[in-house]
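The values are calculated or read from the model by the stated rules, or taken from the named source; none is laboratory data. Bear in mind the structure is a predicted one, so any value in this text is a computation, not a measurement. For neighbour counting, all protein chains shown are included, and Cβ atoms are generated from backbone atoms with ideal geometry for every residue, glycine included.
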Amino acid sequence: MRPGKGRKVFRTVFAAGAVFLLFWVFSVPCPVKLIFSVPCPTCGVSRALACLLRGDISGYFAHQPMALPLALAVVLCFLLPVMGKKGLRIGVFVFEGLVLAANTVLYVLRLINR
């Protein structure tokens, strides 16, 4: 791993977390939903994670049951450049693919039942 690469990943993860907190604190609505009147595939993630932090499990599942796996997939995506072992990187790719596939299925089901 090149020197300074870990700091770059940390700054990126920190910036993503800061954006999440700003959206959460100021209750910014989903821009996709505002523009197109259709929720995006990740609509409800911020509210679901906020419910999870408060211990409201039923609220978490009501907003977006894939929020925690999606958040983990995003963090792993940012950490991917500093992962050294090829097998570990392949495992992360498989996990991210499964999470995205499951979220896509959930999104289609939510659109159908809308």
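Might you check whether a residue that is surrounded by 14 or more Cβ atoms within 10 Å (Cβ to Cβ), closer than 23 Å to R114 by Cα and modelled with pLDDT under 85 occurs anywhere in segment 70-87?
No, the conditions are met nowhere in segment 70-87.
What pairs come up if the first residue lies in segment 57-73 and is within 17 Å of L100 (Cα to Cα), the second is of a type in the set (V, I, T) and not in a helix (DSSP H, G or I), and their beta carbons are under 7 Å apart, counting only those six or more places apart or on different chains?
Close Cβ pairs (under 7 Å, with a partner that is of a type in the set (V, I, T) and not in a helix (DSSP H, G or I)) amount to L70/T42.
So which pairs qualify, if the first residue must be in segment 79-99 and under 18 Å from V9 (Cα atoms), the second must be not in a helix (DSSP H, G or I), the Cβ gap must be under 6 Å, and the two must be at least 6 apart or on different chains?
V82/M1; R89/M83
Could you tell me whether any residue of segment 102-112 is under 14 Å from the mean Cα position of the chain (by Cα), surrounded by fewer than 16 Cβ atoms within 10 Å (Cβ to Cβ) and modelled with pLDDT of 90 or more?
Scanning segment 102-112, I find at least one residue that is under 14 Å from the mean Cα position of the chain (by Cα), surrounded by fewer than 16 Cβ atoms within 10 Å (Cβ to Cβ) and modelled with pLDDT of 90 or more, so the answer is yes.
For segment 30-62, give me each residue that is exposed (fewer than 10 other Cβ atoms within 10 Å of the Cβ) and either touching a Pro at 6+ places or on another chain (Cβ under 6 Å) or outside any helix (DSSP H, G or I) (or both).
S37, G55
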